[in-house]
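Notes follow the structure.
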Amino acid sequence: MKHYAYHSPIGELTISGTSETLCGLWLPGRAPSDACDFDQPSGALAEMIRWLDCYFAKGKLPPLPQMSPEGTEFRRAVWELLLEIPYGETTTYAAIARKIAAQRGITTMSAQAVGGAVGANPISILIPCHRVVGSDSSLTGYAGGIDRKKFLLELEAE
C-alpha cells in the first residue's frame, strides 16, 4: 500500500491505495499511524489526485477511481448510500437509516448506528459523508471538524 500527501484548501490530506484501488482518504489529523511513505502517485492514487484537483477547482469531475474501503457489511451498505447523494445536495442520518431499514426488510434502523458508519468512512470527500446533516439541517458529526464540513458544502453549493 502506498501513501501520498495531498495539499488541499482544507489541509494536508493523506491518500492511501495501490495501483489498482483507493483504500483511504483521510483529513488532517485522521490518517492511520502507518501512513508515512508518501510515494509518488500512480494508478488509482494518480486518478484520485486528478479527481481532487478538479473537485477543489470546481471543475467537471472525472469518474471516481476504483475504491476498496474496508468495513463491515453494515458500514459498506451505508457508504454505498452516501455515494448516491448528488453533488451539492445533502441528506440526513434518519433518511439513510430509513433506506437501510427498507433494504433489510425491517421497520426501523437507528440513525445513531448510521452516524457511526458515516463517521467510520475511510474515504472522505469521495464517499461524501460531509453531505449528511442532522434532521434539523444542522451540521453535525464530521470527523474532520464542522469548519471543514461547512467549507466542503459551501464549495459544492457555489
> For region 25-34, does any single residue satisfy the condition of being touching a residue at least 60 places away in the same chain (Cβ under 8 Å), outside the structural domain of Ile100 (by TED's automatic domain parsing), among the aromatic types (Phe, Trp, Tyr) and out of contact with any strand residue (DSSP E or B) (no Cβ under 6 Å at 6 or more places or on another chain)?
Replying inline: no
> Which condition number does Glu154 fail, the rest of (1) surrounded by 12 or more Cβ atoms within 10 Å (Cβ to Cβ); (2) of a type outside the set (A, V, I, L, M, F, W, C); (3) assigned to a helix (DSSP H, G or I) being met?
Replying inline: (1)
>> I'd like the full set of residues that are farther than 25 Å from Lys2 by Cβ and among the small types (Gly, Ala, Ser), limited to region 60-87.
In response: Ala77
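Every residue, every condition in (1) of a type outside the set (Phe, Trp, Tyr); (2) over 13 Å from the mean Cα position of the chain (by Cα); (3) within 15 Å of Cys129 (Cβ to Cβ), yes or no:
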| site | (1), (2), (3) |
| --- | --- |
| Pro63 | yes, yes, no |
| Met67 | yes, no, yes |
| Gly71 | yes, yes, yes |
| Arg76 | yes, no, yes |
| Leu83 | yes, no, yes |
| Glu89 | yes, yes, yes |
| Tyr93 | no, yes, yes |
| Ile96 | yes, yes, yes |
| Ala101 | yes, yes, no |
>> Take Gly144 and tell me if it is farther than 14 Å from Leu82 by Cβ and in contact with a Leu (Cβ under 8 Å, 6 or more places away or on another chain).
In response: yes
> Given the conditions (1) of a type in the set (Ser, Thr, Tyr); (2) free of Cβ contacts under 8 Å to residues at least 40 places away in the same chain; (3) in contact with a Gly (Cβ under 6 Å, 6 or more places away or on another chain), which single one is not true for Tyr93?
Replying inline: (2)
>> Every residue in region 137-151 that is part of a helix (DSSP H, G or I), more than 19 Å from Asp53 (Cβ to Cβ) and of a type outside the set (D, E, K, R), please.
In response: Ile146
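The values are calculated or read from the model by the stated rules, or taken from the named source; none is laboratory data. These numbers were taken from a predicted model, which means no experiment stands behind them. Glycine also receives a Cβ, built like all others from the backbone with ideal geometry; neighbour counts cover every protein chain displayed.
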